[in-house]
Amino acid sequence: MDGNGRWARKGGLIRLKGHESGTQSVRDIVEAAAEWGVGHLTLYAFSVENWSRPKAEVAALMTLLKKFLKKERETLLKNGIALRGIGRLEDLPSSVLDTLREVEKATAHGKKMTLRLALSYGGRQEITDAVKALCQDVTAGKVQAEEVTEDAIACRLYDSEMPDPDLIIRSAGEKRLSNFLLWEASYAEFVYSDVLWPEFRREHLLQAFQEFHGRVRRFGKVLDDTPSLQGETN
Ligand code: FPP
């Protein structure tokens with residue numbers, strides 16, 4: 001959700017106003033995604049690297065997050081949206097974590113869509129944490145070294161029920177992965193939008209979906225019937 005700061009600067013506002021305004025985009029995108037049948041939506045709201053932003057901005061983001069969770073709780077419940085946090089959630093201030101846990105519990109039965117907020121999230125950290133958990137199980141004799149498979153790692157990621165993303169959308173013209181879902185994004189399609197996050201609305205989500213539907217996903221396979229070798233017939 002890039003571009004909050006740039007949006008604020010453009011309007012001569014402080015960065016916090018950009019984040020506040022970005023919350024409106026979050027509402028619209030979550031609502032549209034649920035309406036259009038998206039089963040899983042993950043928003044990269046706060047990365048492990050974001051802790052090194054100015055203290056006041058971090059504090060303001062945490063306050064905004066808590067306010068959002070409290071404010072949207074009923075709407076999520078009413079619309080059958082289950083909310084979950086992924087990341088090193090134990091790093092969050094305790095009052096934010098308590099609120100998150102409460103909303104997770106209250107909305108757990110939501111069937112329409114699962115909305116994940118990546119908070120204190122880093123892809124490398126997620127893989128490291130999963131590998132650490134796996135090593136502990138190996139040491140305890142619960143897992144044999146031969147049983148260390150992709151699945152053994154995948155099921156120890158922050159949310160084992162989260163499917164790999166089909167599509168990753170990045171706003172504000174950025175074209176990097178920035179430590180997001182490194183394991184899970186292996187075969188994700190990427191769509192980049194120049195729109196700053198506070199201006200990103202459902203029409204931009206729809207454009208991203210249209211671009212995604214135009215993609216041919218081969219998952220490393222050959223899909224046409226061009227012979228691979230001289231004289232070969234498929
Ligand atoms: C990146 O833009 C954005 C963030 C680090 C925070 C995202 C937070 C929100 C959209 C609001 C709160 C979220 C929820 C889920 C309630 P930036 O600050 O790096 O902007 P810039 O690239 O223009 O500087």
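The values are calculated or read from the model by the stated rules, or taken from the named source; none is laboratory data. Quick caveat, the model's predicted, so the values are computed rather than measured. Counting neighbours? That spans all protein chains shown, and the Cβs are built from the backbone with ideal geometry, glycine included. Please note that ligands, DNA and RNA were not included when accessible areas were found on the heavy atoms of the full protein model with its side chains. Shrake-Rupley method; radii C 1.70, N 1.55, O 1.52, S 1.80 Å.
Tally the residues that are more than 15 Å from residue 44 (Cβ to Cβ) and open to solvent by less than 20 Å² (accessible area, probe 1.4 Å), restricting the search to segment 162-202.
So the count comes out to 1.
Determine whether segment 199-221 contains at least one residue that is without any contact (Cβ under 8 Å) to a residue 60 or more places away in the chain, within 18 Å of residue 33 (Cα to Cα) and part of a loop (DSSP other than H, G, I, E, B).
For segment 199-221, residues without any contact (Cβ under 8 Å) to a residue 60 or more places away in the chain, within 18 Å of residue 33 (Cα to Cα) and part of a loop (DSSP other than H, G, I, E, B): absent.
Tell me, which residue of segment 28-57 that is over 25 Å from residue 184 (Cα atoms) and near the ligand (Cβ under 9 Å from one of its atoms) is most open to solvent (accessible area, probe 1.4 Å)?
Ranking the qualifying residues of segment 28-57, first place goes to 53.
Among (1) under 14 Å from the mean Cα position of the chain (by Cα); (2) over 25 Å from residue 16 (Cβ atoms); (3) of a type in the set (A, V, I, L, M), which single condition is residue 117 missing?
(2)
Does segment 87-94 include one or more residues that are free of Cβ contacts under 8 Å to residues at least 24 places away in the same chain and either of a type in the set (A, V, I, L, M, F, W, C) or surrounded by 14 or more Cβ atoms within 10 Å (Cβ to Cβ) (or both)?
Checked against the condition, which is being free of Cβ contacts under 8 Å to residues at least 24 places away in the same chain and either of a type in the set (A, V, I, L, M, F, W, C) or surrounded by 14 or more Cβ atoms within 10 Å (Cβ to Cβ) (or both), segment 87-94 yields no hits at all.
Restricted to segment 8-19, and to residues that are within 9 Å of the ligand (Cβ to nearest atom) and either over 17 Å from residue 195 (Cα atoms) or open to solvent by 60 Å² or more (accessible area, probe 1.4 Å) (or both), which residue is nearest to the chain's Cα centre (by Cα)?
The qualifying residue nearest to the chain's Cα centre (by Cα) is 15.
Scan segment 111-136 residue by residue and report those that are closer than 24 Å to residue 78 by Cα and either out of contact with any helix residue (DSSP H, G or I) (no Cβ under 7 Å at 6 or more places or on another chain) or open to solvent by 60 Å² or more (accessible area, probe 1.4 Å) (or both).
Across segment 111-136, the qualifying residues are 111, 112, 114, 116, 117, 118.
Suppose we keep only residues that are in a loop (DSSP other than H, G, I, E, B) and β-branched (Val, Ile, Thr) within segment 148-189. Which one would you say is farthest from residue 214 (Cα to Cα)?
So, considering only residues that are in a loop (DSSP other than H, G, I, E, B) and β-branched (Val, Ile, Thr), the one farthest from residue 214 (Cα to Cα) is 148.
Looking at segment 159-177, can you tell me whether even one residue there is closer than 28 Å to residue 108 by Cβ, in contact (Cβ under 8 Å) with a residue 24 or more places away in the chain and among the polar types (S, T, N, Q)?
no
Any residue in segment 41-68 that is closer than 15 Å to residue 85 by Cα sitting within a Cβ distance under 7 Å of a residue that is hydroxyl-bearing (Ser, Thr, Tyr) and assigned to a helix (DSSP H, G or I)? List the pairs, counting only those 6 or more apart or interchain.
Here the result reads 66/95; 66/99; 68/23, each pair linking segment 41-68 to a residue that is hydroxyl-bearing (Ser, Thr, Tyr) and assigned to a helix (DSSP H, G or I).
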